[in-house]
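Written out below as structure tokens is the structure these notes cover.
The values are calculated or read from the model by the stated rules, or taken from the named source; none is laboratory data. Please read these numbers as outputs of a predicted model, since none were measured by experiment. Glycine also receives a Cβ, built like all others from the backbone with ideal geometry; neighbour counts cover every protein chain displayed. Each accessible area value is taken on the protein alone, full model and side chains, heavy atoms only, with ligands, DNA and RNA left out. Shrake-Rupley method; radii C 1.70, N 1.55, O 1.52, S 1.80 Å.
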Amino acid sequence: MSSPLRIAIIGYNFMGKAHSNGWLQASKFFELPLQPVLKVACGRSEAAVQAFADNWGWENVETDWRKVVERDDIDVIDISLPQYLHHDVAVAAAKNGKHIFCEKPMALTLAEAQNMLVEAEKAGVKHYLNHNYRRCPAIMLAKQLIDEGKIGRIFHWRGTYQQDWIVDPEFPLTWQLQKETAGAGPHADLNSHSVDLAHYLVGDIKSVSCLTANFIKERPLASGGETAFSSGGGSGPREMGKVTVEDASLMMVEFENGAVGSFEATRFAPGRKNHNYLEIYGSEGSITFDLERMNELHYFSRNDPAAAQGFRKILATEPCHPYVAHWWPPGHMIGYEHEFTHAVVDFVDAIANDRTVEPNFADGVKCIKVLEAGLQSAAEGRKVYL
Ligand code: SOE
């Protein structure tokens, strides 16, 4: 039996569940060098965090995150909180020598993100930033094909990330729609994923030109039961408040390697529930990926015989694909939640074997730099160089 790795999770909503599942599944399907122990769950509401802990098997609960980061029976702080809380928790965790597994977007501002990186490095702790789509086997296959030169010199990147959960003007003013808590709208929440994938698959970005739009300026104040994707069912006349983030963002970029790209992020695309779609075009071929068909990678090669050319659909569920051998027999699908398990596997390995894991806070800083430049470009109506 491997030695224990004692985890504390802070936050118990959507990501709290996704992370808990990752921590639980990892050692059941993979051989881990350390055994995650679900030690403490922390949240503001004692009743809610207790119910969460009972359901997922966290040993005990706390309502004050400061106490959690100071506990000496904890090795890892899992930050499953909204981004406005990441900085303070991450810095305190680092100062207390805890490894950090952190949700995206990394922070509200570049300055916060940079400080998180500095403190984590100073403390010598491992830091992981959960841009989970990197750990989709089909995305890793895309990376492998690109690294092998299969699509040649990259000319174009196109990343679209569309959702529709706030199209209804009655959808309440949740924390995701306010600058103080979210930093930005889909430009932060969704483009943070897309920019991370573009960095991973194409390379560094050197300039951005961005425009943002705000379709609904005021919304009913939130009453408490809401989450992303759900209005919580409140009804009746309610007081209104100002939406202080953008509803949509369109960004054009130049990459250092000469490629050009576009990013589109919105929560106003009816029918698009979580449509994370990307296209990459190069001198030798092309790649496309659609999260709604996440086990598939579409690949076109200009080097195939002319009569047989065409996009081929590769099902990335063969045991030769990353992580897949640990799950089900060939052709048996995996899903969204598996990406979190894969992240846990790599994070635990990094701790046990003193390796870095990616994406980490350095990647997060790079990502936020692009996002902030995008907002600056939109505000000033000009191209911004990084
Ligand atoms: C909400 O827009 C959200 O949950 C994001 O915050 C996640 O990162 C994304 O994976 C799905 O949508």
- Task: Only residues that are in contact with a strand residue (DSSP E or B) (Cβ under 8 Å, 6 or more places away or on another chain) and farther than 11 Å from R66 by Cα: list them for the range 91-104, please.
- Result: A94, K98, H99, I100, F101, C102, E103, K104
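Sort through A265, A307, A259 and tell me the only one that's within 16 Å of the ligand (Cβ to nearest atom) and of a type in the set (A, V, I, L, M). Walk me through it before giving the result.
On the way: A307 fails: within 16 Å of the ligand (Cβ to nearest atom); A259 fails: within 16 Å of the ligand (Cβ to nearest atom).
Of the residues listed, the single one that is within 16 Å of the ligand (Cβ to nearest atom) and of a type in the set (A, V, I, L, M) is A265.
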- Residue list for the range 64-87, filter: under 19 Å from the mean Cα position of the chain (by Cα) and either more than 18 Å from F347 (Cβ to Cβ) or of a type in the set (S, T, Y) (or both): S80, P82, Q83, Y84, L85, H87
- Message: Kindly evaluate E112 against the criterion of being crowded, with 19+ Cβ neighbours inside 10 Å and farther than 22 Å from D354 by Cβ.
- Response: yes
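I'm trying to understand the selection: among the residues of the range 172-190, which are away from the ligand (no atom under 11 Å from the Cβ) and open to solvent by less than 10 Å² (accessible area, probe 1.4 Å)?
Step one: filter the range 172-190 for residues away from the ligand (no atom under 11 Å from the Cβ), giving 172-173, 175, 177-181, 183-184, 187.
Of everything in the range 172-190, those that are away from the ligand (no atom under 11 Å from the Cβ) and open to solvent by less than 10 Å² (accessible area, probe 1.4 Å) turn out to be P172, L177, A184, H187.
In the range 142-167, how many are within 15 Å of T266 (Cβ to Cβ) and not basic (K, R)?
Here is the first cut: in the range 142-167, the residues within 15 Å of T266 (Cβ to Cβ) are 158-167.
Applying the additional criterion that residues be not basic (K, R) yields 159-167.
The total comes to 9.
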- Note on the structure: Sole miss for Q162 among (1) surrounded by 19 or more Cβ atoms within 10 Å (Cβ to Cβ); (2) more than 14 Å from the ligand (Cβ to nearest atom) is condition (2)
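Here is a check on your reading of the model: is W157 farther than 20 Å from Q376 by Cα, within 13 Å of the ligand (Cβ to nearest atom) and either assigned by TED's automatic domain parsing to the domain that holds R238 or without any contact (Cβ under 8 Å) to a residue 24 or more places away in the chain (or both)? Outline the logic, then answer.
Working: farther than 20 Å from Q376 by Cα: yes; within 13 Å of the ligand (Cβ to nearest atom): no; either assigned by TED's automatic domain parsing to the domain that holds R238 or without any contact (Cβ under 8 Å) to a residue 24 or more places away in the chain (or both): yes.
So W157 does not fit the description; no.
Within the range 335-348, identify whether any single residue is open to solvent by less than 10 Å² (accessible area, probe 1.4 Å), closer than 17 Å to D204 by Cβ and not charged (D, E, K, R), and answer yes or no.
Going through the range 335-348, the residues open to solvent by less than 10 Å² (accessible area, probe 1.4 Å) turn out to be 339-344, 347-348.
Next cut, closer than 17 Å to D204 by Cβ only: none.
There is no residue in the range 335-348 that is open to solvent by less than 10 Å² (accessible area, probe 1.4 Å), closer than 17 Å to D204 by Cβ and not charged (D, E, K, R).
If a residue counts only when it is within 29 Å of V324 (Cα to Cα), open to solvent by less than 50 Å² (accessible area, probe 1.4 Å) and in contact (Cβ under 8 Å) with a residue 60 or more places away in the chain, which strands (runs of 3 or more DSSP E) contained entirely in the range 1-78 have at least 3 such residues? Walk me through it before giving the result.
On the way: elements: 3-10, 34-42, 60-62.
It comes to 3-10.
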